[in-house]
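Q: Quick one: the structure is below, questions incoming.
The values are calculated or read from the model by the stated rules, or taken from the named source; none is laboratory data. Computed from a predicted structure; not experimentally measured. Please note: Cβ atoms are built from the backbone with ideal geometry, for glycine as well, and neighbour counts cover all protein chains shown. Areas reflect the complete protein model, heavy atoms only, side chains present, ligands, DNA and RNA absent. Shrake-Rupley method; radii C 1.70, N 1.55, O 1.52, S 1.80 Å.
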Amino acid sequence: MRRRTFLTSATAAAGLSALAPAPAAPAAASDTRTAPRVLVERATATGTVVRPEHRFDLVSVAHRPEALARGSETVAVRFETADGVLGDWQDLHPHTGGPEHLPPSASALVRAPEGAVGYQVRGADGADLTAVNVRDGEELRFGGRERVSLSARDQGVTTLSGGSVLRVRTRAGWGADESLRFDEEGNDLWPAEFHRVQALTVHHTAMATTGDHAADVRAVYHLHAAEQGWGDIGYHLLVDPRGAVYEGRHSGGGLPIFDGLPLPGPARSVTAGHAFGFNHANIGVCLLGDFTGELPTRAAQDSLVDVLRVLCALTGVDPAERIEYVNPDTGAVTPQEAVARHRDWLDTECPGNAFAEAFDTVIRQRVVDGWL
């Protein structure tokens, strides 16, 4: 059996002592941040041009997976300019996700060109369309810790920066509207459920970023939590083109992802909604961008390698292993890579054809090399 560089409980406790944030004091005025509320305009795909009343930055197309599978056309979108000209068709790449307690949805998100006044979707009649404005909503105020660090101090795990500390921008740091997680009576729409971590899975958002990456995360969050009715974002962590890492799914405690200090073996992650049917015990990490025809930036690749190395150290997942994934709910067993791509679990192009083809060399092997 190959050697694993797991943290011992004592070493992990020492290395993670800085993880659990101290109870947050009320934020000082200088610590208060603001972010615009995401605005949306909804429509149903009929093949005709949709002209939202207000400016929009992104368009989402969401449908039941079986409905898209029945279609004869590739799902595509094109945009209309102010002078009435329709641009070229852009193929969309829907991927399936969602919580285990809801029907899955196949969705795609595309960036609108500056100045677009309308859009047209083909190949997805009946789909839910959402025009998203990430810049012009009322300003929401946020306080509390803007960043936390996940530490995996171990000689066998060395990140590219020479340490083994993963710095994460918190939900308060990127501007998560926490009201989206609750119904009108204040009930949590997606209560946290935890399972011992078995696997890590990599995704892409399949959209060009806007340049304001926190706004991109807020857009994905709003679409998952509100438009698709999940009550939260479907990923545990997100990585932007500059390599910054963002906290995703709410874990209910002081730490991203976990229900307490994560120790190799017993580490338990909150169930998210990134790989329907395989969400439990599976940490989802999503890169912001579309990697159908190109690779992520080097900064994003390096950051993803760091993220996966640290998560492997914290959870005991061996990135070189092929595992027998056991669904904690059903007991179904699925042979799988311990560090997988979304397409390894489901019939999807995610995390993009170009990136998926190079994944073993540009990501997985580098994670393994840092693990030995």
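Q: Please verify whether R322 is within 14 Å of H204 (Cα to Cα), open to solvent by 50 Å² or more (accessible area, probe 1.4 Å) and either out of contact with any Pro (no Cβ under 6 Å at 6 or more places or on another chain) or free of Cβ contacts under 8 Å to residues at least 40 places away in the same chain (or both), treating the condition exactly as stated.
A: For R322, the condition - within 14 Å of H204 (Cα to Cα), open to solvent by 50 Å² or more (accessible area, probe 1.4 Å) and either out of contact with any Pro (no Cβ under 6 Å at 6 or more places or on another chain) or free of Cβ contacts under 8 Å to residues at least 40 places away in the same chain (or both) - is not met.
Q: Which of (1) under 13 Å from the mean Cα position of the chain (by Cα); (2) modelled with pLDDT under 95 is the odd one out, the single condition P264 does not satisfy?
A: Against the list (1) under 13 Å from the mean Cα position of the chain (by Cα); (2) modelled with pLDDT under 95, P264 comes up short only on (1).
Q: For the range 76-153, which fully contained strands (runs of 3 or more DSSP E) count at least 2 residues that are at pLDDT 95 or above and open to solvent by less than 40 Å² (accessible area, probe 1.4 Å)? Show your work before the answer.
A: Values: elements: 76-80, 95-97, 105-111, 118-122, 128-133, 139-142, 147-151.
Fully inside the range 76-153 and qualifying: 76-80, 118-122, 128-133.
Q: Sticking with this structure for a sec: Just give me the residues in the range 325-357 being of a type in the set (A, V, I, L, M) and open to solvent by less than 20 Å² (accessible area, probe 1.4 Å), in sequence order.
A: A338, V339, A340, A356
Q: Is at least one residue of the range 195-202 open to solvent by 10 Å² or more (accessible area, probe 1.4 Å), within 24 Å of R322 (Cα to Cα), of a type outside the set (S, T, Y) and part of a strand (DSSP E or B)?
A: So the first thing to find is which residues in the range 195-202 are open to solvent by 10 Å² or more (accessible area, probe 1.4 Å), and the list is 195-198.
Now restrict to residues that are within 24 Å of R322 (Cα to Cα): 195-198.
Adding the requirement that they be of a type outside the set (S, T, Y) leaves 195-198.
Keeping just the survivors that are part of a strand (DSSP E or B) gives 195-196.
Yes: one or more hits.
Q: Looking only at the range 302-319, which residues are open to solvent by 20 Å² or more (accessible area, probe 1.4 Å) and in contact with a strand residue (DSSP E or B) (Cβ under 9 Å, 6 or more places away or on another chain)? Even if it seems obvious, please write down each step before you answer.
A: Within the range 302-319, the subset open to solvent by 20 Å² or more (accessible area, probe 1.4 Å) is 302, 306, 309.
Within the range 302-319, D306, R309 meet the criteria.
Q: Kindly provide the set of residues from the range 41-56 that are among the acidic types (D, E) and part of a loop (DSSP other than H, G, I, E, B), ordered by number.
A: Answer for the range 41-56, where residues must be among the acidic types (D, E) and part of a loop (DSSP other than H, G, I, E, B): just E53.
Q: Within the set of pairs 6+ apart or on separate chains, which have a first residue in the range 84-98 that is within 26 Å of G115 (Cβ to Cβ), a second that is in a loop (DSSP other than H, G, I, E, B) and open to solvent by 40 Å² or more (accessible area, probe 1.4 Å), and C-beta atoms under 7 Å apart?
A: D91/T74; H93/E349
Q: Taking the condition of being closer than 13 Å to A192 by Cβ and of a type in the set (G, A, S), how many residues in the range 255-282 meet it?
A: 4
Q: Output the residue which, of all residues in the range 281-295 that are open to solvent by less than 40 Å² (accessible area, probe 1.4 Å) and over 15 Å from the mean Cα position of the chain (by Cα), is farthest from V168 (Cα to Cα).
A: Here is the first cut: in the range 281-295, the ones open to solvent by less than 40 Å² (accessible area, probe 1.4 Å) are 281-289, 291-292.
Checking which are over 15 Å from the mean Cα position of the chain (by Cα) leaves us with 281, 292.
Numbers: A281: 21, T292: 26 Å.
So the residue we want is T292.
Q: Evaluate the following for D232: is it within 23 Å of T96 (Cα to Cα) and in contact (Cβ under 8 Å) with a residue 24 or more places away in the chain?
A: Answer is yes for this residue.
Q: Let me ask something additional. Out of the range 21-43, which residues are more than 27 Å from E138 (Cβ to Cβ) and either surrounded by 14 or more Cβ atoms within 10 Å (Cβ to Cβ) or at pLDDT 90 or above (or both)?
A: Hit for the range 21-43 is P21, nothing else.
Q: If you take the residues in the range 326-353 that are in a loop (DSSP other than H, G, I, E, B) and of a type in the set (S, T, N, Q), which one is farthest from V202 (Cα to Cα)? Spell out the reasoning first.
A: Keep residues of the range 326-353 that are in a loop (DSSP other than H, G, I, E, B), which gives 327-332, 338, 346-352.
Applying the additional criterion that residues be of a type in the set (S, T, N, Q) yields 327, 330, 348.
Working: N327: 18, T330: 23, T348: 12 Å.
Applying the filter and picking the extreme gives T330.
Q: Which of the residues spanning the range 353-372 are charged (D, E, K, R) and more than 25 Å from P264 (Cα to Cα)?
A: Let us first name the residues in the range 353-372 that are charged (D, E, K, R), namely 357, 360, 364, 366, 369.
E357, the sole residue that qualifies.
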